[in-house]
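The values are calculated or read from the model by the stated rules, or taken from the named source; none is laboratory data. Here the structure is a predicted model, which is why all the values come from computation and not from measurement. Don't worry about glycine lacking a Cβ; one is built from the backbone with ideal geometry, like all the others, and counts go over all protein chains shown. Side chains included, ligands, DNA and RNA excluded: accessible areas come from the protein's heavy atoms. Shrake-Rupley method; radii C 1.70, N 1.55, O 1.52, S 1.80 Å.
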Amino acid sequence: MKNVNKTILLASTLFISQAIMSGTYSYAEEDYKLDVDDSLSQDIGEDEASTSEDNKIATYDDDNLDKILSDLEEMGYVNTSNEESEAVNTEENNTEDKAGETSEKKLAPEQEISVKEISGDKGPADDKEVKEDTSKDIIYYDNSSLDDIYNEVKVRESNTSTSDKGISTQDKSTNKSDWYEENSKVYHKDSEGNVSKGLTEIEGKKYYFGEDGSLQTNKKILTNDSYYEASDRGILSPKANSWVNVNGKTYRTNENGKIYKGVTKVGNDYYNFNDEGALTTNKKEIKDGKLYITNKDGKITNPKNSWAAIDGKTYRSGNDGKLVKGAHTIAKYTYVFDRDGVMAQNKGIMSAGRFYKTDSRGVATNPKNAWFEFNGNKYHTNANGYVQEGVWEIDGNYYYFTSNGLQKNTEVTQRGVTYNVDGNGLAKPVDNNIKGSKNLDKAMEWMFTARRAGLTYDMHWKNRTSDWAADCSSAVYRSLIYGGFLKQGSAIGNTETLFQLGAAGKVMYEISESEIRYGDIFVSGRPGASAGAAGHTGFILNRANDTIIHMSYGQNGVAVTPRKGYMGDSSGLPVRYYRLVGADSDRLYENKK
């Protein structure tokens, strides 16, 4: 046994161990990431800074050699005959075998970590470990490592029988779920004989095997979601709440060793990590409508009232840190930002009903009482700079505009007046051809006469047009005919047809509640569903006293009541207001009681 060459012994047994390098535990500079190509790895030599005597290969005397050989023989890894020793030496010179294609069952992908606040911590710029990534791969082993390694990773299964002794390493590797060594590298085969590769769990412990199936030791292992450090025996353990550096990129782990992604608060500062978990530095970006700036240390801020140029576009944040949009005055100049927060430059832009011209600096002007073209259409602004829509008088002529600019060769009715628009966009009013005086006072007179006459409320189709009864809508229709707003003999409609008259705009047109005055008509209900008891109508009587006159079911006749709560609105019905076209009145601004 003493005649066995010691170099052969060392070559066949030294494969995973801790380096003794100046008394400092060191990690390999060559870091491993599952999705990093092998071409990124580097050949690492011995740590030149290490001068410790422990850094040298341990010296073995004859007694130690006998003991080691005896232990290895008992474990079935070394045969003590000269012939088998030569076989070991021959095998050492051969190229290593390719590993099998099927690997041990891999760990399930870990879930992405959400943004979390970590208190009481420093940033990567304050962490020395992130900067001092200068360690080397381990190449030296002491004389106790071999037994310790095999004991810790359980090289031999607990049920190994004594009949296995003396089997060579190559034969031994065919056993189920077993560890074995070739050319000073350690491998593992699963129960089906497949060489393990990648991140693998064996007997409750995690290991990482390279592309060739060799066990990786003293490495940094970065998966899609987690960071591990492999010990000198290859056992992986997560490093919690730490800044780590892998392949020149900085990551941050949580209490479980998982890496953060997105914006994360660490201590009192926020940091920006990309989709792979790597710390982002020196970057400006827009997220969720806000401006974020990341400095050289990875600290991210959401500055207020700040300019930022990103990818050739200019943005501005407001008092709340959100991107400003629309027209804004900043330092006495007006700027306009589109719906994405991009500042307009050297072009025209519409914003909040106004048109702006912008120069190369983004400074905007709003022309007033002016014609302009935008997206191939012609528009005009009023005295306040707003873009005009509808029929407007400009320089003595009427023109019709929509949101698509000046319109031509069409007809439009606005506030009860119908206009014919020619090929030049000029709009000319035409008569609605309704006979009568259109006297508002006469229409209201019908309501008061019916009140004095004691007409009662009746919805029957015959009675609602009789001399002794009416309902709310027939009373309004009969008043309009009497006042000359509808032709004699016109059909007596209901709230549904009143909605239609208001939409057509020739007899009456819709106004806002703030505009109502004496003689205007209210109609409650929902168009298409206001028939019968689902709608109500009448006239505004006195705006100052806020009263109405209407045929009331509750009062069983024509009544003067408060407006609020008596129009059908107390039942939750919506109310619309309309103004009669061309109404003439001697009492328009008087308070009729």
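Based on this model, can you work out whether Val558 counts as within 54 Å of the chain's Cα centre (by Cα) and either closer than 21 Å to Tyr509 by Cα or touching a residue at least 24 places away in the same chain (Cβ under 8 Å) (or both)? No; evaluated as a whole, the condition is false for this residue. Selection within the range 315-334: residues that are open to solvent by 30 Å² or more (accessible area, probe 1.4 Å) and within 17 Å of Asp288 (Cα to Cα). The member of this set that is farthest from the chain's Cα centre (by Cα) is Asn319.
Among the residues that make up the range 272-282, is at least one of them at pLDDT below 95, out of contact with any strand residue (DSSP E or B) (no Cβ under 9 Å at 6 or more places or on another chain) and open to solvent by 30 Å² or more (accessible area, probe 1.4 Å)? No, the range 272-282 contains no residue that is at pLDDT below 95, out of contact with any strand residue (DSSP E or B) (no Cβ under 9 Å at 6 or more places or on another chain) and open to solvent by 30 Å² or more (accessible area, probe 1.4 Å). The criterion of at least 1 residues that are β-branched (Val, Ile, Thr), buried (at least 20 other Cβ atoms within 10 Å of the Cβ) and touching a helix residue (DSSP H, G or I) at 6+ places or on another chain (Cβ under 7 Å) is met by none of the strands (runs of 3 or more DSSP E) wholly inside the range 196-239.
Just to be sure I understand the filter: pairs with C-beta atoms under 7 Å, separated by 6 or more residues or on different chains, first member in the range 353-375 and among the β-branched types (Val, Ile, Thr), second member open to solvent by 80 Å² or more (accessible area, probe 1.4 Å). Which pairs pass? Once the first residue is among the β-branched types (Val, Ile, Thr) and sits in the range 353-375, its partners that are open to solvent by 80 Å² or more (accessible area, probe 1.4 Å) give Thr358/Asn346; Thr358/Lys347; Val363/Tyr333; Thr365/Lys357. Candidates are the residues of the range 504-514 that are among the small types (Gly, Ala, Ser) and part of a helix (DSSP H, G or I); the one that is nearest to Val430 (Cα to Cα) is Ala504. Within the range 374-399, the residues that satisfy the criterion of being in a loop (DSSP other than H, G, I, E, B) and either open to solvent by 50 Å² or more (accessible area, probe 1.4 Å) or of a type in the set (Val, Ile, Thr) (or both) are Asn375, Gly376, Ala383, Asn384, Glu389, Asp395, Gly396.
Scanning the range 405-426 for residues that are among the polar types (S, T, N, Q), free of Cβ contacts under 8 Å to residues at least 40 places away in the same chain and surrounded by 12 or more Cβ atoms within 10 Å (Cβ to Cβ) returns Gln407, Thr410, Asn420. Need pairs with beta-carbon distance below 9 Å; first residue at pLDDT below 75 and within the range 577-593, second of a type in the set (Gly, Ala, Ser) and loosely packed, with under 14 Cβ neighbours inside 10 Å; sequence gap 6+ or separate chains. From residues that are at pLDDT below 75, the pairs are Asn591/Ala544. Hey, any hits in the range 519-536 for a residue that's in contact (Cβ under 8 Å) with a residue 60 or more places away in the chain and β-branched (Val, Ile, Thr)? Among the residues of the range 519-536, not one is in contact (Cβ under 8 Å) with a residue 60 or more places away in the chain and β-branched (Val, Ile, Thr), which makes the answer no.
In this structure, Asn256 does satisfy being under 15 Å from Asp225 (Cα atoms) and open to solvent by 10 Å² or more (accessible area, probe 1.4 Å). Scanning the range 196-223 for residues that are of a type in the set (Ser, Thr, Tyr) and within 37 Å of the chain's Cα centre (by Cα) gives Thr200, Tyr207, Tyr208, Thr223. Looking across the range 291-301, the residues that are surrounded by fewer than 17 Cβ atoms within 10 Å (Cβ to Cβ) and not β-branched (Val, Ile, Thr) come down to Asn295, Lys296, Asp297.
When the residues of the range 473-499 are filtered to those that are open to solvent by less than 10 Å² (accessible area, probe 1.4 Å) and among the hydrophobic types (A, V, I, L, M, F, W, C), the one that is farthest from Val560 (Cα to Cα) is Phe485. Put simply, of Trp371, Trp307 the only residue that is open to solvent by 90 Å² or more (accessible area, probe 1.4 Å) and under 30 Å from Val421 (Cα atoms) is Trp371. Checked against (1) in contact with a strand residue (DSSP E or B) (Cβ under 8 Å, 6 or more places away or on another chain); (2) on the phi < 0 side of the Ramachandran plot; (3) free of Cβ contacts under 8 Å to residues at least 40 places away in the same chain, Asn305 meets all criteria but (2). Inspection of the range 340-360 identifies at least one residue that is within 21 Å of the chain's Cα centre (by Cα), open to solvent by less than 20 Å² (accessible area, probe 1.4 Å) and farther than 15 Å from Gly385 by Cα.
Results for (1) among the charged types (D, E, K, R); (2) closer than 19 Å to Asn494 by Cα; (3) in contact with a Ser or Thr (Cβ under 8 Å, 6 or more places away or on another chain), shown as yes or no for each residue.
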{"site": "Phe539", "(1), (2), (3)": "no, yes, yes"}
{"site": "Asp546", "(1), (2), (3)": "yes, no, no"}
{"site": "His550", "(1), (2), (3)": "no, yes, yes"}
{"site": "Tyr553", "(1), (2), (3)": "no, yes, no"}
{"site": "Val560", "(1), (2), (3)": "no, no, yes"}
{"site": "Met567", "(1), (2), (3)": "no, yes, yes"}
{"site": "Arg579", "(1), (2), (3)": "yes, yes, no"}
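Quick check on the range 525-536. Is at least one of its residues touching a Cys at 6+ places or on another chain (Cβ under 6 Å) and under 25 Å from Lys438 (Cα atoms)? Yes, there is a match, as at least one residue in the range 525-536 is touching a Cys at 6+ places or on another chain (Cβ under 6 Å) and under 25 Å from Lys438 (Cα atoms).
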